[in-house]
Amino acid sequence: MLLQPNPNSASGRIPLAKSNLDEYNPPEFVAFDVLKPRGPPDEETQATSLSVLSVDMRVTENKKDHNTDKYVSSNLIVRRNKEFTIIIHFNRDYNEQDNVELEFLIGSSPNENRGTYIILPIGKEKPEVLWKSRVVETQGSYVTVGVTPDASCIIGRFRHFVVVVSDLGKQRTERNTDTDFYVLFNPWDPADHVYMEKDEDRQEYVMNDVGIIYNGEYHDITTRSWNFGQFEQGVLDACLLVLDAGKVPLVFRKSAVEIVRQASALMNSQDDDGVLVGNWSGDYSEGTAPTAWTGSPEILLKYAKEGGEPVLFAQCWVFAGVLNTLVRCLGIPARVVTNFCSAHDNMGNLRTDIMLGEDGKVDKSRTKDSVWNYHCWNEVYMKRPDLPEKFSGWQVIDATPQETSDGLYRCGPTSVNAVKEGELSYPFDARFVFAELNSDVVYHQWTKEGEMKILNVDTSYVGKLVVTKKTNSSDYEDITSTYKYPEKTVKEREVWQNAERSGILPRDYLPLTEAGVTFEIQTDTVNMGDDFKLTLNINNQTSQTCTINATITGCVAFYTGVVSKTFMLENKAATVEASKTESMTVDVNASDYTPHLVEQGKLLFVVYGIIEETDTSLCTMKEITLQPPKLKITMSGTPEVGKDLSIIVNFQNPYNFILNNVQIRLDGPGLIPIKIKNYSQILPGGSVRYKVSMVPRTPGKKVVMTVLDCPLLRQVTNQLEIEILQTE
């Protein structure tokens with residue numbers, strides 16, 4: 001049995017031991033003010049008194065009307081500021097003189113003044129109540145009542161009672177969980193702060209339950225499918241449990257701004273026992289490797305089932321994928337965004353400081369900042385009533401625990417428009433997001449005398465490309481221009497002036513003397529385990545011949561830019577004529593880097609050079625993602641409803657070493673639950689074949705995704721799109 005969030009509790013972690021899950025029953029609210037009858041009723045009064053026989057929540061009809069019919073739940077799910085109808089069956093014909101009220105309650109201490117206890121007399125006006133009700137139709141003892149939740153009401157699970165008020169007192173229907181209903185945000189309604197105008201956008205950013213997350217490098221983008229699964233059974237309850245476990249006050253649950261800010265903190269466990277434990281160590285033996293997950297439902301349901309115990313483990317795309325599920329599930333438009341060459345500015349000075357030793361090697365002990373190969377965060381779409389109108393729209397939220405904000409590891413919501421314009425004084429965390437996209441990479445060198453000097457500044461390395469999934473497409477959309485103006489334009493200079501007025505330190509290290517010579521590192525796509533050639537292009541833009549001495553350092557690195565091991569150090573010299581380009585080639589041997597590889601197979605090359613004629617220094621760096629081997633996924637059978645269908649996953653070990661503790665995960669939302677197959681080892685040249693059979697139950701486009709994961713090999717993924725046809 002899946003633990004459900006307590007609809008009566010909005011604050012405090014549920015005091016629940018894992019072993020007590022099946023016995024869990026939420027306490028009921030009983031503190032009603034009940035009118036006492038003046039005396040025993042006479043027989044005539046009893047015969048004419050009104051009572052409720054049943055309440056029909058019209059779940060199927062209402063869910064379809066509210067765009068919630070994809071949620072797998074037997075309870076009604078509605079959206080704010082849109083009417084839903086219920087049918088009340090009385091013991092006799094209903095008439096206008098009858099006094100009947102609807103009561104909706106949420107939280108442990110319902111209060112009319114706080115919007116947690118709503119009393120609606122049917123067929124009568126109650127101006128002080130923002131929820132509305134009306135009698136739609138009366139047919140004898142059956143009354144259809146329309147109810148419209150307020151456009152800014154609390155989202156969550158409400159308890160529902162029908163109350164007959166008479167001289168005898170108040171006769172209230174018994175507690176029935178079948179009449180509980182959920183209220184969500186409404187991006188279809190202009191009165192809701194999360195309103196989106198275009199239906200194609202709503203379909204992509206609210207209703208799409210399978211997406212694509214981009215990673216790799218800006219010049220070699222790779223993809224992985226992700227099952228957001230916001231409609232799957234138990235996921236909505238798990239999302240509300242996250243808010244309960246995080247002690248999010250009910251009053252905050254009216255506001256999309258507050259919900260997403262709280263959610264960005266609650267997604268990580270850094271300081272509040274949130275959903276996921278971040279781990280970049282490479283050792284995932286106590287849990288699941290971040291690269292092994294295929295989607296959010298498995299994570300959220302595990303968190304709920306284990307009573308709010310953080311799930312092991314996550315990295316940025318996992319945090320972003322699960323956060324995307326939570327906010328879409330609650331009705332807030334959201335998307336996962338990838339920023340390539342994303343700065344992590346530990347010093348908070350909008351500079352990424354790379355420290356080099358006298359020999360040109362990266363000084364790991366002194367280099368505290370890093371540039372992530374890619375970093376995934378989320379954007380949510382909403383009105384910002386706390387900011388000027390121009391800063392509404394897409395907002396950045398980020399659950400990956402990097403820096404604290406107001407004492408918690410969280411980030412956002414940050415207006416994308418504010419970041420682009422350098423308006424960094426508005427809430428929340430605009431300065432940190434600006435740094436991720438605009439930091440200068442500053443190369444320093446320690447001299448023999450222990451002094452530090454600036455060698456070079458690269459103002460265009462960070463924030464190379466920002467992408468997200470296109471609407472109704474498997475391709476990516478380049479949204480870099482929504483975050484920043486082109487480099488070295490008048491608008492870019494104006495943005496930096498705005499940023500400095502917002503309190504960032506001025507770029508007093510600019511301008512450095514232009515050397516007139518530039519470095520560029522090039523290489524072809526490289527498969528993991530291959531030898532390859534690295535090309536250094538030296539472009540002399542001066543009118544004089546230049547002699548350059550260059551040191552090329554090769555390091556194994558995590559995707560976060562943190563250096564693990566130096567495996568290569570090459571010294572090269574070249575003479576380049578005026579206005580010419582010369583190329584130097586360096587051989588990189590797999591035998592040198594393979595023993596030191598860490599997850600996702602990243603190599604970082606740093607080039608440090610000196611121009612002899614002017615004693616001017618040059619620096620550049622480049623990260624290369626080694627391509628993992630292929631994981632083949634195919635289909636056999638007939639892709640029709642009710643027909644046998646099989647998915648086959650094939651993998652061959654192309655390496656000369658054994659792959660131990662291999663796991664294959666197969667996930668087909670709407671087709672099959674997650675399947676996991678473990679192999680103790682795959683020998684060099686050996687292969688495995690994993691076949692899963694199924695019978696499709698519903699038609700439409702489906703995505704089957706698979707991941708192979710083991711300690712020596714991460715990020716091996718593939719997906720297969722299948723169109724399931726309706727049987728004639």
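The values are calculated or read from the model by the stated rules, or taken from the named source; none is laboratory data. What you see is a predicted model, and the numbers here were worked out from it, not measured in a lab. Counting neighbours? That spans all protein chains shown, and the Cβs are built from the backbone with ideal geometry, glycine included. Surface accessibility is based on the protein's heavy atoms, side chains included, excluding ligands, DNA and RNA. Shrake-Rupley method; radii C 1.70, N 1.55, O 1.52, S 1.80 Å.
Output the number of the condition that Pro401 fails; it satisfies all remaining conditions of (1) over 30 Å from Thr616 (Cα atoms); (2) in contact with a helix residue (DSSP H, G or I) (Cβ under 7 Å, 6 or more places away or on another chain); (3) at pLDDT below 95.
All conditions are met except number (2).
Given the criteria modelled with pLDDT of 95 or more, of a type outside the set (Val, Ile, Thr) and over 16 Å from Asn67 (Cβ atoms), does Leu130 qualify?
Judged against the criteria, Leu130 is not a match.
List every residue pair whose Cβ atoms lie under 8 Å apart, where the two residues are 6 or more positions apart in sequence or sit on different chains, the first residue falls within region 617-630 and is closer than 10 Å to Tyr461 by Cβ, and the second residue, located anywhere, is aromatic (Phe, Trp, Tyr).
If the second residue must be aromatic (Phe, Trp, Tyr), the pairs left are Thr620/Phe519; Met621/Tyr461; Met621/Phe605; Lys622/Phe605.
When you go through Thr525, Thr535 one by one, which is the residue that is out of contact with any helix residue (DSSP H, G or I) (no Cβ under 6 Å at 6 or more places or on another chain), farther than 30 Å from Trp377 by Cα and among the β-branched types (Val, Ile, Thr)? Can you show your working first?
Details: Thr525 fails: farther than 30 Å from Trp377 by Cα.
Criteria check complete, one pass: Thr535.
Being within 30 Å of Trp372 (Cα to Cα), hydroxyl-bearing (Ser, Thr, Tyr) and under 35 Å from the mean Cα position of the chain (by Cα) is true for just one of Tyr690, Tyr655, Tyr608, Tyr679. Which residue is that?
Tyr655
Any residue at all in region 144-163 that is modelled with pLDDT under 95, of a type in the set (Lys, Arg) and assigned to a strand (DSSP E or B)?
Within region 144-163, the first condition is being modelled with pLDDT under 95, and the residues that meet it are none.
Within region 144-163, not a single residue is modelled with pLDDT under 95, of a type in the set (Lys, Arg) and assigned to a strand (DSSP E or B).
Return yes when Val441 is at pLDDT below 95, surrounded by 21 or more Cβ atoms within 10 Å (Cβ to Cβ) and in contact with an Asp or Glu (Cβ under 6 Å, 6 or more places away or on another chain) and no when it is not.
yes
Residues that are under 14 Å from Ile633 (Cα atoms) and open to solvent by less than 60 Å² (accessible area, probe 1.4 Å): which strands (runs of 3 or more DSSP E) entirely in region 646-719 hold 1 or more of them?
659-668, 687-694, 700-710
Under the condition of being more than 18 Å from the chain's Cα centre (by Cα) and at positive phi, which residue from region 390-411 is least open to solvent (accessible area, probe 1.4 Å)?
Gly407
Please note which strands (runs of 3 or more DSSP E) are completely contained in region 42-127 and include at least 3 residues that are β-branched (Val, Ile, Thr), at pLDDT 95 or above and open to solvent by 80 Å² or more (accessible area, probe 1.4 Å).
It comes to none.
Here is a list of conditions, (1) part of a helix (DSSP H, G or I); (2) open to solvent by 10 Å² or more (accessible area, probe 1.4 Å); (3) closer than 23 Å to Asn208 by Cα, and Val251 meets all of them except one; can you say which number that is?
(3)
Any residue in region 169-180 that is without any contact (Cβ under 8 Å) to a residue 40 or more places away in the chain and either open to solvent by less than 60 Å² (accessible area, probe 1.4 Å) or of a type in the set (Asp, Glu) (or both)?
yes
With respect to Ser342, is the statement that it is surrounded by fewer than 24 Cβ atoms within 10 Å (Cβ to Cβ) and farther than 20 Å from Lys70 by Cβ true? Walk me through how you get there before you give the answer.
Values: surrounded by fewer than 24 Cβ atoms within 10 Å (Cβ to Cβ): no; farther than 20 Å from Lys70 by Cβ: yes.
Answer is no for this residue.
Can you tell me which residue within region 181-220, out of those that are of a type in the set (Asp, Glu) and part of a loop (DSSP other than H, G, I, E, B), is least open to solvent (accessible area, probe 1.4 Å)?
Ranking the qualifying residues of region 181-220, first place goes to Asp192.
Quick one: would you say Ala343 is touching a helix residue (DSSP H, G or I) at 6+ places or on another chain (Cβ under 6 Å) and within 28 Å of Phe567 (Cβ to Cβ)?
yes
Taking region 296-335 as the region of interest, how many residues are open to solvent by less than 10 Å² (accessible area, probe 1.4 Å), outside any helix (DSSP H, G or I) and not hydroxyl-bearing (Ser, Thr, Tyr)?
Of the residues in region 296-335, 9 are open to solvent by less than 10 Å² (accessible area, probe 1.4 Å), outside any helix (DSSP H, G or I) and not hydroxyl-bearing (Ser, Thr, Tyr).
Show the residue pairs meeting these rules: Cβ distance below 8 Å; 6+ apart or different chains; first residue within region 695-723 and farther than 22 Å from Glu286 by Cα; second residue buried (at least 22 other Cβ atoms within 10 Å of the Cβ) and aromatic (Phe, Trp, Tyr).
These pairs meet every condition: Met705/Trp226.
Which numbered condition in (1) part of a helix (DSSP H, G or I); (2) at pLDDT below 85 is the only one that Lys364 fails?
(1)
Output the residue which, of all residues in region 412-438 that are open to solvent by 10 Å² or more (accessible area, probe 1.4 Å) and outside any helix (DSSP H, G or I), is nearest to Thr338 (Cα to Cα).
Among them, the one singled out is Asp429.
Return the pairs, sorted by first residue and then second, in which the second residue is open to solvent by 10 Å² or more (accessible area, probe 1.4 Å) and basic (Lys, Arg), the first residue lies in region 594-616 and is more than 16 Å from Pro628 (Cα to Cα), the beta carbons are less than 7 Å apart, and the residues are 6+ apart or on different chains.
Going by the 7 Å Cβ cut-off, the qualifying pairs are Phe605/Lys622.
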